[in-house]
1. Tell me yes or no: at least one residue of region 3-17 is under 17 Å from the mean Cα position of the chain (by Cα), part of a loop (DSSP other than H, G, I, E, B) and in contact (Cβ under 8 Å) with a residue 60 or more places away in the chain.
2. Can you tell me how many residues within region 174-199 are within 13 Å of the ligand (Cβ to nearest atom) and in a helix (DSSP H, G or I)?
3. Just checking, does region 276-296 include any residue being touching a helix residue (DSSP H, G or I) at 6+ places or on another chain (Cβ under 7 Å), free of Cβ contacts under 8 Å to residues at least 60 places away in the same chain and surrounded by 22 or more Cβ atoms within 10 Å (Cβ to Cβ)?
4. May I ask you to say which residue of 90, 30, 24, 67 is out of contact with any strand residue (DSSP E or B) (no Cβ under 6 Å at 6 or more places or on another chain), surrounded by 18 or more Cβ atoms within 10 Å (Cβ to Cβ) and under 27 Å from residue 195 (Cα atoms)?
5. When you go through 255, 283 one by one, which is the residue that is over 30 Å from residue 96 (Cβ atoms) and within 14 Å of the chain's Cα centre (by Cα)?
6. Is it the case, given these coordinates, that residue 222 is in a helix (DSSP H, G or I) and within 16 Å of the ligand (Cβ to nearest atom)?
7. Count, please, the residues in region 166-187 that happen to be over 20 Å from the mean Cα position of the chain (by Cα) and surrounded by fewer than 20 Cβ atoms within 10 Å (Cβ to Cβ).
8. Of everything in region 32-86, what is assigned to a loop (DSSP other than H, G, I, E, B) and more than 15 Å from the ligand (Cβ to nearest atom)? Give them in sequence order.
Ligand SMILES: NC(=O)c1ccc[n+]([C@@H]2O[C@H](COP(=O)([O-])OP(=O)(O)OC[C@H]3O[C@@H](n4cnc5c(N)ncnc54)[C@H](OP(=O)(O)O)[C@@H]3O)[C@@H](O)[C@H]2O)c1
């Protein structure tokens, strides 16, 4: 199946969890079970499936274990219900050499900032203590960087963080907690600074496309963004297990291209043969990552931004489902 034109949910789910040869090769080198903490959200289920399939193709028997409060029902993946704020419950989780840490407070949750801080800083401490002998890929976000002019090409890993707003500050807190355990106690980890994974049912491209399709105005306050196909993001996360280090390695993860919100809306308007409307004052600064380091390490993402635009347009034209999940881009745009 070609990734360029996916028009139904079963093909989409199949494509999102299809491991690449590089994923399989990685698991031939990396031994042991894989534990996914925070496995029931937007990315976790397809990552768990990808791990299962890559592990089977690599040929070494191993468990893939998904941990979250809500159930995850995937053949070949063991689900353990667990509130990661419960130290006792985390202590009872099985030992595991490979951990993918995706847990965070669900996007769209508003209010209770103390819960956001607890999820983003207390849970990391509990997990880092419990899995201090493991390697941990820590999902983080490009929100830890300051807003930049798109002409700069985006923030690089060595740039000092300058998170704007309490949510982004708590994300930097998550990184700093893991960094503390890494520097003080030798925990091997990688801080995986992701900017905007795209599924066809949600994500920043889908938000813009659906607004254009519905004749609603597209907000221009944050004028640009980076995106990456969710399968490529999950593949990079899996392969990051090989690059966990103490002190931690930092990796920006997104597509190569910087996309303009205006040009993206105009592309969808042309595809849908309609006009597009805009709202807000067009800003000059955006949260953007330079992803040269991850491309040097793992090669380019398999799907370009142009192909992603086509895929989203085709999905919407065919009446594909929408999960209406709020995105990290909306957070950057000050929605919640
Ligand atoms: N998707 C993106 O484009 C993007 C961009 C930048 C960064 N990230 C980060 O990457 C990670 C994965 O992204 P995502 O989009 O899949 O996130 P998500 O949809 O918000 O999922 C968060 C996960 O955390 C779990 N969780 C929350 N509270 C928990 C608790 N007390 N105990 C156990 N599990 C808990 C949730 O499961 P339950 O509610 O079932 O427990 C869920 O599985 C997140 O940390 C996110 O912030 C994602």
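Values in this text are rule-based calculations from the coordinates and carry no lab data. Since the model is a prediction, treat every value here as computed from it, not as a measurement. Note that we place each Cβ from the backbone using ideal geometry, even for glycine, and neighbour counts take in every protein chain shown.
1. Checked against the condition, which is being under 17 Å from the mean Cα position of the chain (by Cα), part of a loop (DSSP other than H, G, I, E, B) and in contact (Cβ under 8 Å) with a residue 60 or more places away in the chain, region 3-17 yields at least one hit.
2. 3
3. Yes: region 276-296 contains one or more residues that are touching a helix residue (DSSP H, G or I) at 6+ places or on another chain (Cβ under 7 Å), free of Cβ contacts under 8 Å to residues at least 60 places away in the same chain and surrounded by 22 or more Cβ atoms within 10 Å (Cβ to Cβ).
4. One residue alone meets the criteria, 30.
5. 255
6. Spelling it out, it is not the case that residue 222 is in a helix (DSSP H, G or I) and within 16 Å of the ligand (Cβ to nearest atom).
7. Residues meeting the conditions: 5.
8. 32, 33, 59, 60, 61, 62, 63, 75, 76
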